[in-house]
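The values are calculated or read from the model by the stated rules, or taken from the named source; none is laboratory data. From a predicted model like this one, the values you see are computed outputs, not experimental measurements. Quick reminder, even Gly has a Cβ in these numbers, built from the backbone with ideal geometry, and neighbours come from all protein chains shown.
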Amino acid sequence: MRATVIILCSLLWTQSVKADDGYRLWLRYDQLSTPSVQQYRRLIKSISVQGNTETFDVIRRELSVGCTGLLGTPVIVGDRDDASVIVGVPETSALIRRLRWETELKNLGPEGFRIRTVGNVIVIASSTDTGALYGAFHFLRLLQTDQPIDKLQIDQKPRLKLRILNHWDNLDRSIERGYAGKSLWNWEELPKRVDPRLSDYARANASIGVNGTVLNNVNANARILTAEYIEKVAAIANVFRPYGIRVYLSARFSAPMELSNLPTADPLDPSVIAWWKQKADEIYRAIPDFGGFIVKANSEGQPGPRTYNRTHADGANMLAAAVAPHKGIVMWRAFVYDMKPGYDRAGAAYENLQPFDGKFAPNVLLQVKNGPIDFQPREPFHPLFGAMPRTPLMPELQITQEYLGFSNHFVFLGTMWREFLDADTFAAGRGSTVTKVVSHQRLTGIAGVANTGTDRNWTGHHLLQANWYAFGRLAWNPDISSKQIATEWTTMTLTHEDRAVATIVRLMLESHEAVVNYMTPLGLHHLFWGGHHYGPAPWWDTEKREDWNPVYYHKADAFGIGFDRTKTGSNTVSQYHLPVAQRFADVRTCPEEFLLWFHHVRWDHRMKSGRMLWDELALHYQRGVDWVRATRTTWASLSGVIDPERHEAISKKLVIQERDAVWWRDACLLYFQTFAKRPLPVGVEKPAKTLDEYKAKALEW
Ligand code: GCV
């Protein structure tokens, strides 16, 4: 008897750890071996998807593949009324009509859904087929994460309306700040051939509630707006539509000049206004549900309304008027930092845009990066959040890891985004968190700069799929905990083994702090090698703009280190509401993780630990390295629980991460030591190379 059990167990084991290339992401529907599968088999005998749109076809396929795979028994999927799971909308399902849920479904909105146990039947209902699709994915997630399904009482709707991935993809298929291969959009082959992978991309997004994709880089090429490319974009839109995903484009502000030889791109010029209107009409003829435009204007060399002495609001509103008749929107980026020399870049976007609060058209959102500089490993929240109550603000997060070790370093970004969303702006008193600010506007949304590419595993590093997943889950519900996201993702993607799940989740939750420790602890920022932003170069001072140089940000000198943003410095701390501004401005109350962001502090400043700043800084760097080493050991102990292919690929990445963490620690400490002129404290390892060696050659990825 015992022998049989063991043989059975090991059979299941081998099955669950067979090689996997990661392509299936979190949508792996391998047979479950958890106790709950008995209940699932009992309650899911047949499924009826009641509706005849392409989206209902997607639901049918997904539930069929998903349930058959997970349960390990064929599940009949049809449209009969006597099925054990029924999916539909009131118009298509007699059963759902009989339940009289019209009011509730209406309140849940077009993307919301209800999942209820009604007698012996599980009903997945919505007022639209897209909502039903989200419900179907939610239901599958319940099975994938071993949740009971006998008494279901679920009502859900997304908290943010626009949940959009921004692809910084160029037309030659390179990706700006992309580290997972080439662009998924094969412009040369389109529209004739559409890569089947695009449906898988759309499917993955739909499973986490992402409902929009900006196809091209915000550093935009005007060609995307030509008839030739609109046809290609339309072909992609056709693939995405059944999955509830709209396409959006980055619009180059000077396109009328580049494509039609207009003498100007002045947003108040009638010929320019007419050009954009015609362009919008042309796009909507090809793509009736086109989402709208995103614009990077007057930033890092991009054209914009300022060139013509017009305001950002003039530029945004002109485009907004062109798409408004089609219900399109404009996402105007707040990443604007051209200011007079000597100005603090962290305050520039606020200076440029806050005065225009209330001046933007109703279909414009201002897209604001989470922090005031540029996707650093840790930044305080952007002061524009809470400062523009009459303008919809849309956070922009960076899923791709431009400043976080590309696709080499394991860092779960859910915790970083949680920190940002939970930050209290005090805009309307205590509790005015970023989540609250951005979810209580007339138009709501969130954007994430994608980390996907043509790599077989999509994101270049298996564990970084979790960041794509986390973005979608937070966009759907910005209050969901990092632990929940990490647990869901791990269980769906890597293993169902409880202890292993707990271990991996712990590592995920610790990972961001660790990376901050070995890159930019205590509020340091932008210490990166110029251009590629991979390794450290705190000594860098040769960029043409002052604020592209690390020395501008850390300001290390014989006295101390850090950027004084208080009254004695740039005073951009005053852009925050009270009491946040006060708390950040006082060196005694400023959270230590932001100390050097807001203050220039003496090397021997006494920290909360009782240590002096220099020692504390050095120990943070060491702590980061120690974490990566410990993680390598922990990861090694998980071999056998995770399939060998992914286990080994992740192990290899951790080797690189350790090399890099050591490099970061040594390069930064050796350099800062030239100012601090103090020995490394006990517990910090001696650097492997000299400072000159670190300066001579960039860290390679
Ligand atoms: C798309 C940073 C990046 C740029 C990026 C820019 C932006 O500066 O380094 O690659 O350009 O942000 O967000 O527009």
Check: Are any residues in the stretch 330-345 within 15 Å of the ligand (Cβ to nearest atom), assigned to a loop (DSSP other than H, G, I, E, B) and not hydrophobic (A, V, I, L, M, F, W, C), and if so, which ones?
Finding: 337, 338
Next item on the list: Please enumerate the residues belonging to the stretch 645-661 that are touching a Lys or Arg at 6+ places or on another chain (Cβ under 9 Å) and not charged (D, E, K, R).
Entry: 651, 654, 655, 657, 661
Next item on the list: Identify all residues within the stretch 566-592 that are surrounded by fewer than 16 Cβ atoms within 10 Å (Cβ to Cβ) and assigned to a helix (DSSP H, G or I); write none if there are none.
Entry: 582, 592
Item checked: Index of the failed condition, residue 330 passing every other in (1) out of contact with any Gly (no Cβ under 7 Å at 6 or more places or on another chain); (2) surrounded by 22 or more Cβ atoms within 10 Å (Cβ to Cβ); (3) modelled with pLDDT of 95 or more -> (1)
Item checked: Residues that are more than 21 Å from residue 512 (Cβ to Cβ) and among the β-branched types (Val, Ile, Thr), drawn from the stretch 633-677 -> 641, 642, 674
Check: Looking only at the stretch 458-487, which residues are surrounded by 24 or more Cβ atoms within 10 Å (Cβ to Cβ) and hydrophobic (A, V, I, L, M, F, W, C)?
Finding: 458, 463, 464, 466, 468, 470, 471, 474, 475, 485, 486
Item checked: Index of the failed condition, residue 323 passing every other in (1) within 13 Å of the ligand (Cβ to nearest atom); (2) in contact with a helix residue (DSSP H, G or I) (Cβ under 6 Å, 6 or more places away or on another chain); (3) β-branched (Val, Ile, Thr) -> (1)
Check: Can we say residue 114 is in a strand (DSSP E or B), of a type in the set (Lys, Arg) and buried (at least 18 other Cβ atoms within 10 Å of the Cβ)?
Finding: yes
Check: Taking the stated definitions as given, is residue 318 within 30 Å of residue 632 (Cα to Cα), aliphatic (A, V, I, L, M) and part of a helix (DSSP H, G or I)?
Finding: no
Check: Could you give every pair whose Cβ atoms fall below 9 Å, whose first residue belongs to the stretch 158-186 and is within 24 Å of residue 332 (Cα to Cα) and among the hydroxyl-bearing types (Ser, Thr, Tyr), and whose second residue is within 16 Å of the ligand (Cβ to nearest atom) and not in a loop (DSSP other than H, G, I, E, B), counting only separations of at least 6 or pairs across chains?
Finding: 183/169; 183/175
Check: Wholly within the stretch 347-462, which strands (runs of 3 or more DSSP E) include no fewer than the required count, namely at least 2 residues that are within 16 Å of the ligand (Cβ to nearest atom) and over 28 Å from residue 701 (Cα atoms)?
Finding: 364-369, 393-398
Checklist line | Number of the exception - residue 158 against (1) in contact with a helix residue (DSSP H, G or I) (Cβ under 9 Å, 6 or more places away or on another chain); (2) closer than 28 Å to residue 72 by Cβ; (3) not in a helix (DSSP H, G or I) | finding: (2)
Margin query: Regarding the stretch 513-531, can at least one residue be identified that is in a helix (DSSP H, G or I), free of Cβ contacts under 8 Å to residues at least 24 places away in the same chain and of a type in the set (D, E, K, R)?
Written below: no
